[in-house]
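Read-outs throughout are calculated quantities, based only on the coordinates presented, and are distinct from any laboratory measurement. Because the structure is a prediction, the values reported are computed rather than measured. Cβ: placed from backbone, ideal geometry, glycine included. Neighbour counts: every protein chain shown.
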Amino acid sequence: EEEMQEYDHAVRYRDGSVRLRNPNIELMDQDILYHLALGSESHDLVEMFGDVKFVCMGGTPKRMEQFAHFIMKEIGHKLPAGTTLLDISQYSYRYSMYKVGPVLSISHGMGIPSVGILLHEVIKLMYHAKVRDPVFFRIGTCGGIGLEGGTVVISEEAVDGMLKSYLELPVLGKLVRRPAKLDRQLARDIKALAHRDDPYDTIIGKTMCTYDFYEGQGRMDGAFCEFTENDKMEYLNKLHKAGVVNIEMESLSFAALTHHAGIKSAVVCVTLIDRFKGDQVLAPKEVLDEWQIRPQQLIARYITRYLQRK
Ligand code: R2B
Ligand code: URA
């Protein structure tokens, strides 16, 4: 199935560059990527982004700035003399974007709507820049189900709060469904890069994606709670039995939109808490900071390997 996707002419040109499933874009005089503070006429997008291979996204601007510095060190990328890393999208005041050679590091904010808007614009950016066979990663955080804090989870697929494995979006008054599929081979390749002696587990499993952090994830510590501890535990057990190992808020849109665009993608998140044990994220900041580097290290390993074998 993945093989077919590679050569699907609806979503890729023969040379692997991203083809848009929207005939309107090429007819427009210019395309303004409003939330990135970029435009197809105001910027030379081929010159700026034509060499991109990996697009890494995560929630916060700070973490994605750190990732940009980290990946720069890992791949041995040198910035032109006298220059520093800059936030390409700083004047959008919405998302942050850093470019380190073939790697883009972009913040996506919280939740499906935020990552969805970004994906529309980044997929169009790939098209305008004529990028071939880009690979997208989400490196983030999540709640674990029956996993010790600090566990790294690679998603095999994304499901919503009803355990449905598609993204549903109202378009012109009708619900449009898009399967939330991720590349299984890519997930396995990433897992193979986990070190045997890492002091934490790296696993593959199903990810539940919700529209809310509190009630939507069965937390009892929000401003509202209209269910009992028993109801909550029953639901978490049901998820666990269905193979769900973690809960976060972007994977459904991330998987659905990259799949629809014919772009290979993976979601790698670290658990901040075991939801069987509680709702509040209690780990000290230093511990959380150390945990959040784990998905970054794994993806950095993948990118480094890829660049070495080229
Ligand atoms: C993980 O962490 C955020 C909520 O705290 C959300 O963006 C997510 O998916
Ligand atoms: N992010 C989430 O969405 N849920 C958690 O429990 C932790 C981080």
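The orientation-averaged projection of the convex hull spanning the C-alpha atoms of segment 86-149 amounts to 6.1 square nanometres. Every helix of 4 or more DSSP H residues in the chain counts as -39500 (n - 2.57), and over all residues that averages to -10000 deg cm²/dmol at 222 nm.
The lysines whose alpha-carbon is closer than 18 Å to the alpha-carbon of residue 164, local same-chain residues fewer than 8 away aside, are 174, 181, 206, 238, 241. Within the chain, 56, 209, 225 have no other Cys Cβ under 4.7 Å of their Cβ and so lack a disulfide-compatible partner by this rule.
So what's the angle, to the nearest 10 degrees on a 0 to 90 scale, between helix 285-309 and the longest Cα principal axis of the chain? Helix 285-309 sits roughly 40 degrees off the main axis of the chain. Taking the Cα atoms of segment 116-175, the ratio Rg/Rh between the radius of gyration and the Kirkwood radius comes to 1.06. Relative to the longest principal axis of the Cα atoms of the chain, the long axis of helix 251-260 makes an angle of roughly 40 degrees.
Please work out whether segment 175-218 counts as rounded, prolate or oblate from its C-alpha gyration tensor, where a ≥ b ≥ c are the square roots of the eigenvalues and a/c under 1.5 means rounded, while otherwise a/b larger than b/c means prolate and anything else oblate? Oblate, since a/c reaches 1.5 and b/c is not below a/b. Across all C-alpha atoms in segment 90-243, the radius of gyration and Dmax reach 17.8, 53 Å. In segment 71-180, inverting the average of 1/r over every pair of distinct C-alpha atoms gives 17.1 Å as the Kirkwood radius. Computed over segment 32-163, relative contact order equals 35 percent, with contacts defined as Cα pairs under 8 Å that lie 6+ residues apart. Pairwise Cα distances in the chain exceed 26 Å in 45 percent of cases. The packing ranking, built from the mean of other Cβ atoms within 10 Å per residue, places the peptides 68-76, 90-98, 235-243 in the order 90-98, 68-76, 235-243, highest first. Comparing 65, 226, 121 in a Gaussian network model of the chain (Cα springs below 10 Å), the most mobile by mean-square fluctuation is 226. Projected over all directions and averaged, the alpha-carbon convex hull of segment 239-302 occupies 5.8 nm². Largest first, the extents of the alpha carbon coordinates of segment 25-108 on the three principal axes equal 41, 25, 23 Å.
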